[in-house]
Protein chains: 2
Amino acid sequence: MSDTVLPTFHNLPLAKQKRIIDAALAEFADKGYQQASLNTLVAHSSISKGSLYQYFRDKRGIFLYIFQFAIGLVRKTLLRVKDDTREENFFIRLERSLLAGVDFIRRHPRIYGLYLKILFDEHVPQRVELLQAVRQFAADYLRSLVRQGLARGELREDLPEPAAIFLLDALLDRFLQAVCVPAFDVTLALHQSPPGNLQQCVQELMALLRTGLGKA
Amino acid sequence: MSDTVLPTFHNLPLAKQKRIIDAALAEFADKGYQQASLNTLVAHSSISKGSLYQYFRDKRGIFLYIFQFAIGLVRKTLLRVKDDTREENFFIRLERSLLAGVDFIRRHPRIYGLYLKILFDEHVPQRVELLQAVRQFAADYLRSLVRQGLARGELREDLPEPAAIFLLDALLDRFLQAVCVPAFDVTLALHQSPPGNLQQCVQELMALLRTGLGKA
DNA sequence: GAAAAAAATGACCAGGTAGTCATATGACTA
DNA sequence: TAGTCATATGACTACCTGGTCATTTTTTTC
């Protein structure tokens, strides 16, 4: 697990570390794992190729380090939202989480890009473990929200928990994708819409989740 | 658009055409566009490299031909489902469409794989057009179902159409992904479950869509 | 059956890749 | 100042890529 990054890297000045992390994130997010070029990476971070191999064992090592770094950032951000909205209604919390997700992506587009690049590429090292870590975290997050919502009587008592979590996960994930992948954005016009409009869309979706599609 | 495949290809015996299409589909579905190797492709279809370039202009041409071929198959299949369930209730139609999707993927796993490989790779030729074709088709399909459901009074009259379609699209797409990408299958245990169990999951999700999560 | 046209072939090319290694640098020690 | 040692370097290797082309083989035409 930790034989990915060598001690030399941590001896580097923080600014240099950051330069390398930034360049790696950009390259992997743009090209995916296999297609990412270490030559491009070293050029963009102004270090030599030889140095790169004194910081990391190999390409795989660089990638894993970067991805774990990214996962850490996501966890921290989402847990903060969960805590900040502790007292709110279930659907409000959901709405806030979603908007926080949009905000995160706006601030760290390359981290989200990296995640998307991994999703369906079976040849990425440790892909199953990395993906499962992300999805499991999301599911746990939503489960916690659902249980608190149930405890407060904001949700139907007979709610099938796994199905509900699945539906929520699907909707949230797709919403984020639609925000930053125009081709997904066929129905709502999220992509270029102002923040206010975006919030209105979210609220409409939340209302739909609450009351369902069927005739009352 | 049609300068992708050269006339020589269509003069080939159908069996040989099929061999090439199969090998190309397998290679692109497994590796994605850039990472797919034409050397592997020709080896697997038992033709020489030179021949490949007498059938197609270049790599891009092969890819586009294969993808359009795949799109055709999907359209045909889904339109048949829509027609077959013409008389059914909205939620039944949805359920049937979803199960038909699962069945299609089971029968043509490489076509679905190809679609997934395209989703987030900006470097795929014509990606935006290809993706939009697929998503637009799905959205149109769902819109048609929703409108007929509304006309028959099976859905709330005040249903916000775009939001509803978005939600349905998100759920259906994610369901298919969960069926064939184990890492997505964190909550429901779809991946290795028998068909009966799978159908029960779908029904549970349909019920959730109908009545919503909120307290009555 | 000969000539012409069409199709098949694989060695070859330029350009890219991940990773290596002998050498150079420069900071710290004695 | 001399010696030591962690770090920095980029030319280099072996390999793989998409694409080309002179040549051979097969098919068609007369």
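Taking only pairs six or more apart or across chains, which ones have beta-carbon atoms under 6 Å, a first residue in region B:66-85 that is over 27 Å from B:ARG19 (Cα atoms), and a second residue that is aliphatic (A, V, I, L, M) and open to solvent by 40 Å² or more (accessible area, probe 1.4 Å)? That search, which allows pairs on different chains as well, returns nothing. Note on region A:175-211: among residues that are of a type in the set (Gly, Ala, Ser) and surrounded by 20 or more Cβ atoms within 10 Å (Cβ to Cβ), the one that is nearest to the other protein chains (Cβ to nearest Cβ) is A:ALA183.
In region B:98-138, the qualifying residues are those that are open to solvent by 60 Å² or more (accessible area, probe 1.4 Å) and either aliphatic (A, V, I, L, M) or facing chain A (nearest Cβ under 10 Å) (or both), and the one that is farthest from A:GLN34 (Cα to Cα) is B:GLN136.
Has region A:73-82 got at least one residue that is away from DNA strand D (no atom under 15 Å from the Cβ), surrounded by 20 or more Cβ atoms within 10 Å (Cβ to Cβ) and within 21 Å of the chain's Cα centre (by Cα)? Talk me through it step by step, then tell me what you get.
Keep residues of region A:73-82 that are away from DNA strand D (no atom under 15 Å from the Cβ), which gives A:73-82.
From the residues that got through so far, the ones that are surrounded by 20 or more Cβ atoms within 10 Å (Cβ to Cβ) too are none.
Scanning region A:73-82, I find no residue that is away from DNA strand D (no atom under 15 Å from the Cβ), surrounded by 20 or more Cβ atoms within 10 Å (Cβ to Cβ) and within 21 Å of the chain's Cα centre (by Cα), so the answer is no.
With respect to A:GLU95, is the statement that it is under 25 Å from A:LEU155 (Cβ atoms), at pLDDT 95 or above and either within 15 Å of DNA strand C (Cβ to nearest atom) or within 14 Å of chain B (Cβ to nearest Cβ) (or both) true? Criteria met by A:GLU95. Going residue by residue through region A:38-56, is there one that turns out to be of a type outside the set (Lys, Arg), out of contact with any Pro (no Cβ under 8 Å at 6 or more places or on another chain) and within 14 Å of another protein chain (Cβ to nearest Cβ)? Yes - at least one qualifying residue is present in region A:38-56. Annotation note: Cβ proximity below 7 Å between a residue of region A:190-216 that is at positive phi and a residue that is in a helix (DSSP H, G or I) (sequence gap 6+ or interchain) occurs for A:GLY212/B:LEU209; A:GLY212/B:ARG210; A:GLY212/B:THR211. At least 2 residues being among the small types (Gly, Ala, Ser) and farther than 30 Å from A:GLU157 by Cα is the threshold, and among the helices (runs of 4 or more DSSP H) wholly inside region B:102-216 those reaching it are B:127-151. Listed by first and then second residue, the pairs linking a residue in region B:30-46 that is closer than 12 Å to A:ASP121 by Cβ to a residue that is within 8 Å of DNA strand D (Cβ to nearest atom) and part of a loop (DSSP other than H, G, I, E, B), with Cβ atoms under 8 Å apart and 6 or more places separating them unless they lie on different chains, are B:ASP30/B:ALA36; B:LYS31/B:SER37. When region A:7-19 is filtered for residues that are open to solvent by less than 80 Å² (accessible area, probe 1.4 Å) and either closer than 26 Å to A:ASP121 by Cα or near DNA strand D (Cβ under 8 Å from one of its atoms) (or both), the ones remaining, listed by number, are A:THR8, A:LEU12, A:LYS16.
Of all residues in region B:20-32, those that are within 14 Å of another protein chain (Cβ to nearest Cβ), buried (at least 21 other Cβ atoms within 10 Å of the Cβ) and more than 9 Å from DNA strand D (Cβ to nearest atom) total 3. The number of residues in region A:41-58 being open to solvent by 40 Å² or more (accessible area, probe 1.4 Å) and either within 29 Å of A:LEU142 (Cα to Cα) or assigned to a helix (DSSP H, G or I) (or both) comes to 6.
The values are calculated or read from the model by the stated rules, or taken from the named source; none is laboratory data. What you see is a predicted model; the values in this text were computed from it and never measured. Please note: Cβ atoms are built from the backbone with ideal geometry, for glycine as well, and neighbour counts cover all protein chains shown. Accessible surface areas use protein heavy atoms only, side chains included; no ligands, DNA or RNA. Shrake-Rupley method; radii C 1.70, N 1.55, O 1.52, S 1.80 Å.
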